[in-house]
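Have a look at the structure below, then the notes.
The values are calculated or read from the model by the stated rules, or taken from the named source; none is laboratory data. Values in this document were obtained by computation on a predicted structure and should not be read as measured data. In this analysis, Cβ positions are derived from the backbone assuming ideal geometry, glycine residues included, and neighbour counts consider all displayed protein chains. These accessible areas exclude ligands, DNA and RNA; they are computed on the full protein's heavy atoms, side chains included. Shrake-Rupley method; radii C 1.70, N 1.55, O 1.52, S 1.80 Å.
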Amino acid sequence: MFTQLSLALNSFIDNDLGLAGGQKNQLLKKHKLHLADSLDKGHWTTNLCLVASGLTKKNPRELATKLATVIQSADGVDRVEIAGPGFVNIFLTQRAFLQQVEQAMDLIPSVDNSLQKKIQIEFVSANPTGPLHVGHGRGAAYGDAIARILSSLGHQVEKEYYVNDAGRQVDILACSIFLRKFSCFDDVSFPASGYKGSYVLEIADSIKLDDSAPNIQKDQLCKDLPEEPEAEIDELITRIQSSYSDLWLVIRSGGLAYVTQSIKDDLTAFKVEFDQWFFESSLGELSDETSDIAKALHKVKQEHAYEKAGAVWLESTKFGDDKDRVIIREDGRGTYLSADLAYHKNKLDRGFDTIINVWGSDHHGYIKRIEATIEAMGYNKNQMQVQLVQFANLLEDGAKVKMSTRSGNFYTLKQLIDDIGPDAARFYYLSKQADQHLDFDIGVARSHSKDNLYYYVQYAHARICSVQKKYISLGHTLPEAFKDFDEFHACDDLIQLALNFSFVVQSAGENLQPHLIIYYLRDLAQGFHHFYNDTNILKAAEQDQVNMLRALGLVKNVIASSLELIGIDSLEQM
RNA sequence: GCGCCUGUAGCUCAGUUGGAUAGAGCAACGGUUUUCUAAACCGUGGGUCAGGAGUUCGAAUCUCUUCAGGCGCGCCA
């Protein structure tokens, strides 16, 4: 129906408005044809005449009168009303209205071939230095949801995790494991900047050494250390690397492998699977001229960099950054930015139309910088889109759950999943726009009470399943089409809501906002519960039963599909 | 100081590419079950959309400004 009505609108635009090309394009872009939010405004409604009146300087209601006659002649249109300042409300015949349900079976229309894009989404990308905590869960749920939504719309989507395995943080982890494995410190004197979580001990235990126990000179290693924590840990790393180089490498790679695997396991439990794990180390060494990182730096150094105080600076201010940035340190090592620059070059060279970076919102100051490096390398910064995800406050019965990483004592994502299940967790992570603060109350998520929106939605699905079962047990088969439906009105509101599904998905995809689906689910579930309480389906006239079951079949599919788009399984019974 | 984000009902938030009387959940109060799952439903009260000015046929939405809050501003990652 949408297509037919669009055609009618277009013919009106072409034949009756007499607009020049530029104005016409503006009109095509700005006007809307959408499902009415309430049936007393018709089934479909358009603001075309209001927008057109601004461009043609004609009275919107006069335009509407003309448009009404054009639409009136379209197939399936019962009547047309002009409302308010010039809205055109379109009422379909009941037959045409319900036939939309049959057409809606193909629930999500793919975008046109010409608009299909190759998209890469990079998300989570937490440092491999410990288990994922609940803060990471939101990024995981968000990235995975937009990946599902975009691919359902017909885009080609690849999910990637960037593993920072080359930096100092991993050295600190390796050092912490080393110190634990050989009990170099007690709990009190353990270096303040080391990782102190109990998982470090687990890793230490898991690493089996081939040789007989190595002889570690603890006194030598631990004496005369600097007071300052950062300097202390750096000094320890240096000493271990030089005195026990083979052992260091074994522990470092073993620790990294262990943590990476545990992150993968946690994500699997959360139903997030990545297509690609990209290791920072694969970009190579700066000293190796053939490496990706050396080549990328070479490229920007030629035109957009200079030397100052022994370091190499990128002229990022030329590309809108606040200040220039160091890319090669005084001591010759690269900065984090240099690795990221090479990583983004690598991503863009892989031929994606769009790369989406999902970052914690504390990184927002970094956006301009990375955009500048992308432009400095000669790419278009608009190919990259950064989506910020704000950290979630975890509450338990109204009180904040402590998340101290320093002590190593924190609520992990795995614990959350074990506690309330991956589905409820995903649901609540996505229940608010990603770049805004979220208060996530575990008590509510766990409860089986009416404050729990997750169960409210699932209950609607389960209730439909239950009615269907009962209906089948009475000897019927589920209808696949409406029957003699010209006068069937019992499910009008519900159907109107369900038909909106494909528009919601499109909007969620265009704006990268999965929370729109959550709110849609709530509205749809509400519409269903309302109908269900109002109507005794299995006591209705037989003809109506068939049609109700048909309508509920649509609603059930829409709920299940919506949930699937955010990575949640629908419940058949509760 | 500079930059980004936020301010909507008692609370938590939708609605922000300008559209029709600003919505929902919770909380409060009052109802609904011999009936397909009451994890549900119905009703009542509750708002200067932070304040002010502007643009427009029309502003919670756009512009300017004031106030309040959050975050970011390393040769860290």
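Okay, here's what the table says:
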{"item": "Scan of the range A:182-241 for residues that are polar (S, T, N, Q) and open to solvent by less than 70 Å² (accessible area, probe 1.4 Å), ordered by number", "result": "A:SER189, A:SER193, A:SER206"}
{"item": "Test: A:ARG148 is closer than 30 Å to A:GLU510 by Cα, of a type in the set (D, E, K, R) and not in a loop (DSSP other than H, G, I, E, B)", "result": "yes"}
{"item": "Looking only at the range A:517-530, and only at residues there that are within 8 Å of RNA strand B (Cβ to nearest atom) and surrounded by fewer than 20 Cβ atoms within 10 Å (Cβ to Cβ), the one that is farthest from the chain's Cα centre (by Cα)", "result": "A:HIS530"}
{"item": "Filtered residues of the range A:513-564 (kept if within 16 Å of A:ALA104 (Cα to Cα) and β-branched (Val, Ile, Thr))", "result": "A:VAL555, A:VAL558, A:ILE559"}
{"item": "From the options A:ASP340, A:ASP324, A:ASP331, residue that is within 27 Å of A:VAL163 (Cβ to Cβ), near RNA strand B (Cβ under 9 Å from one of its atoms) and open to solvent by less than 80 Å² (accessible area, probe 1.4 Å)", "result": "A:ASP340"}
{"item": "Counted residues, the range A:457-476 - those being open to solvent by 50 Å² or more (accessible area, probe 1.4 Å) and in a helix (DSSP H, G or I)", "result": "6"}
{"item": "Considering residues of the range A:166-197 that are assigned to a loop (DSSP other than H, G, I, E, B) and aliphatic (A, V, I, L, M) only, the residue farthest from A:ILE251 (Cα to Cα)", "result": "A:VAL188"}
{"item": "The range A:140-159 - residue that is on the phi < 0 side of the Ramachandran plot and in contact with a Ser or Thr (Cβ under 8 Å, 6 or more places away or on another chain) and, of those, most open to solvent (accessible area, probe 1.4 Å)", "result": "A:VAL157"}
{"item": "Single condition A:LYS159 does not satisfy, out of (1) under 23 Å from A:PRO229 (Cβ atoms); (2) basic (Lys, Arg); (3) in a strand (DSSP E or B)", "result": "(1)"}
{"item": "Selection count where residues are surrounded by 17 or more Cβ atoms within 10 Å (Cβ to Cβ) and either assigned to a helix (DSSP H, G or I) or more than 9 Å from RNA strand B (Cβ to nearest atom) (or both), scope the range A:77-93", "result": "5"}
{"item": "Qualifying position, being small (Gly, Ala, Ser), within 14 Å of RNA strand B (Cβ to nearest atom) and open to solvent by 50 Å² or more (accessible area, probe 1.4 Å), among A:SER253, A:SER287, A:SER281", "result": "A:SER281"}
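The rows are residues; the columns are (1) open to solvent by 30 Å² or more (accessible area, probe 1.4 Å); (2) in contact with a Phe, Trp or Tyr (Cβ under 6 Å, 6 or more places away or on another chain); (3) closer than 11 Å to A:GLU81 by Cα; (4) at pLDDT 90 or above.
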residue	(1), (2), (3), (4)
A:LYS30	yes, no, no, no
A:ASP37	yes, no, no, no
A:GLY42	no, yes, yes, yes
A:CYS49	no, no, no, yes
A:LEU55	yes, no, no, no
A:ASN59	yes, no, no, no
A:GLU62	yes, no, no, no
A:THR65	yes, no, yes, yes
A:ALA68	no, no, yes, yes
